[in-house]
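I have placed the structure first, in the form of structure tokens, so that the comments after it can refer back to it.
The values are calculated or read from the model by the stated rules, or taken from the named source; none is laboratory data. All figures in this text were calculated on a predicted structure; none of them were measured in a lab. Ideal geometry is used to build each Cβ from the backbone, glycine not excepted, and the neighbour counts take in all protein chains shown.
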Number of protein chains: 2
Amino acid sequence: MKKRATSLKDVASAAGVSVTTVSRLLNGTIELPLETKSRIQAAIQELRYEPNPHARSLSRGRSDTIGLVVPDIANPFFATLVSAVEEEADRRGLALSLYATLNRPGREIAYLSALARNHVDGLVFVTNHPDDGELASRINQTGKVVVVDEDVPDAMVPKLFCDNEQGGYLAGEHLVQNGHRSVLYVGGPEEMISTRRRYSGLRRALRDASIPMDGLLRYEGEYTVEFGRNAARRFLSEGMPATAIFASSDEIAIGLIEVLREQGASIPREVSIIGFDDVGPLHLFAPSLTAIRQPVRAIGQRALALLVDTNWEQPEDLLSEELLPVEIVARNSVAPPSRK
Amino acid sequence: MKKRATSLKDVASAAGVSVTTVSRLLNGTIELPLETKSRIQAAIQELRYEPNPHARSLSRGRSDTIGLVVPDIANPFFATLVSAVEEEADRRGLALSLYATLNRPGREIAYLSALARNHVDGLVFVTNHPDDGELASRINQTGKVVVVDEDVPDAMVPKLFCDNEQGGYLAGEHLVQNGHRSVLYVGGPEEMISTRRRYSGLRRALRDASIPMDGLLRYEGEYTVEFGRNAARRFLSEGMPATAIFASSDEIAIGLIEVLREQGASIPREVSIIGFDDVGPLHLFAPSLTAIRQPVRAIGQRALALLVDTNWEQPEDLLSEELLPVEIVARNSVAPPSRK
């Protein structure tokens, strides 16, 4: 039996410290109490640890720090994604610097320039607004960027998304199976691939069931609770023109449900709702919310793997787009329609 | 009328960029496209902007970056706190580096040493485990740290908490007013001030109502959904020894409700529940959850203000403890008890 090589993680757990601490001790970027230092050195000798050259391929001689740029940490979807990337970075002995852009293009550009100045070795980049081209051009100059969750269309780097089209299809199929023939889609910004692909999957499911396309309505705006509230008000003021709503994020669903409840529209009796993300405690809602679940932790782990394992000298490695599968979690917010 | 001095924010909004971008352009740590640069320079001249020396007191000549250390970004309470600090930093023209410690002491120490090496100008520090003294001693060596949310007892730096005792009192008072005379407190780690002070406020409210102290039970563990689940199982296996439960975080409340619902215990008919934090969408739960609301955004803003405005040369300025008030949000999870 071939003995498995000792990893940084083995050393860290033998010494009772984090992988980051060992990694930083080894590259001289941390001062530790003498006692801690001796404990780590003893573990290194005892386990005959030798640094793994492959694990250092991205970062050799540089900061051993990965950057992660997200729009808004208060959004539970991004918070969970951040936490998954953080754990994976720790597992690989890399530190993580996290930047929140508050959705402002100026801040995104500033963080890309931090990478250009070598403060981080690579960047996992999440945007959620359309790009006028500046972002893509900056990403292409910088290199070592993995684009996650939403596209930056002209960026020539590896990209990782959930399978948005499949998610839309699963939602549509579930609504059709419950007898719905009129569906309102409430999406985020219309230029974003998440919004477009989820809609397109929903439309395909309705088409496959031979439902006329005038049964498919569409409101698009922002992935926010506030936009969800506005969409519900519009839906009510238009006389509830569909028997089911597909809300394309947890935040939108929360806003929709708030206003529908306030106005006394019963879910699912008068209108069925299906959400997207399934990050918040939707299972405790009244009624519990049926939703498409994103593999958030898997996205975070895979994003970091792409950053570390991509051969950045090999142009054909850079043009990849990878989709991770989603699933439907059926709860109690979808029922057969009680009205036309 | 005295004309208000032009701020960095005025320049930023005139130029259509973020405050961070202007600040970084001014201190030479960013390269911008020529067009953007000219737009900012035009705004500076037009508005006759002069850098405000006071705003730079913390950071003069250094990184213009603040560090924020939190235990776990996937927890919505910390996620919201991070977002509040981030916005306030941006408003003040400071960049923010965010570190998640995943609750590991080794990582906390590593981040403090980043401050010691001047990578950041100051640190907002949030821990959620007991300190064996190493953390406090490292914080005292480092200086320019504000301790937020949970105490590091021997750290001689400004501290900022929500008024945990008052929160416990409000919860107890509300339960007493609804006729409860037996209450289970489900707290986090018993050494943490949040857990101790919330319990102590609850006890004071019950005492004020002349309720015998054998009516007050206590389970303590972790601020996690998993611990909430375990607490509910224990509560059921002990034959529901109280008519009301005060859960000392959203996460604990979520775990409790999950298991109580699964096991068919009706809320609030068989047991009333009151939570703490009120960060998640508790208003949509079945039943909607009564909770003590933390002023999370105010905590984030005030933490940054303390970091910037404290006179770090003045030892008596450092020993402050500030409490921000909490409030009770009454919803539908508390009702008079139907059993003894």
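Exactly one of these conditions fails for A:Asn164: (1) in contact with a Lys or Arg (Cβ under 8 Å, 6 or more places away or on another chain); (2) of a type in the set (S, T, N, Q); (3) farther than 26 Å from A:Asp72 by Cα. Give me its number.
(3)
Considering (1) surrounded by 14 or more Cβ atoms within 10 Å (Cβ to Cβ); (2) not assigned by TED's automatic domain parsing to the domain that holds B:Ala79, say which one B:Trp312 fails and leave the rest.
So B:Trp312 meets the others, but not (2).
For A:Glu165, only one of the following conditions fails: (1) out of contact with any Gly (no Cβ under 6 Å at 6 or more places or on another chain); (2) surrounded by 18 or more Cβ atoms within 10 Å (Cβ to Cβ); (3) among the acidic types (Asp, Glu). What is its number?
Only one criterion is unmet by A:Glu165, namely (1).
Answer with yes or no whether A:Arg297 is more than 14 Å from every other protein chain (Cβ to nearest Cβ) and of a type in the set (Lys, Arg).
Taking the combined requirement at face value, the residue does not satisfy it.
Any residue at all in the stretch A:159-182 that's charged (D, E, K, R), assigned to a strand (DSSP E or B) and more than 14 Å from every other protein chain (Cβ to nearest Cβ)? Lay out the reasoning, then the answer.
Pass one, the stretch A:159-182, residues charged (D, E, K, R): A:159, A:163, A:165, A:173, A:181.
Imposing the further condition that a residue be assigned to a strand (DSSP E or B) reduces the set to A:159.
Subsequent filtering for residues that are more than 14 Å from every other protein chain (Cβ to nearest Cβ) retains A:159.
Scanning the stretch A:159-182 turns up at least one residue that is charged (D, E, K, R), assigned to a strand (DSSP E or B) and more than 14 Å from every other protein chain (Cβ to nearest Cβ).
What's the total number of residues in the stretch A:302-321 that are modelled with pLDDT of 95 or more and not aliphatic (A, V, I, L, M)? Can you show your working first?
Restricting attention to the stretch A:302-321, the residues satisfying the condition of being modelled with pLDDT of 95 or more are A:302-303.
Next, from what is left, pick out any that are not aliphatic (A, V, I, L, M): A:302.
The qualifying residues number 1.
Within the stretch A:188-213, track down each residue that is within 21 Å of the chain's Cα centre (by Cα) and over 18 Å from A:Asp131 (Cβ atoms). Outline the logic, then answer.
As a first pass, look at the stretch A:188-213 and keep what is within 21 Å of the chain's Cα centre (by Cα): A:188-202.
Listed by number, the residues that qualify are A:Arg198, A:Tyr199, A:Ser200, A:Gly201, A:Leu202.
Can you list the strands (runs of 3 or more DSSP E) lying wholly within the stretch A:194-283 that have 1 or more residues being buried (at least 23 other Cβ atoms within 10 Å of the Cβ) and away from every other protein chain (no Cβ under 14 Å)?
A:244-247, A:272-277
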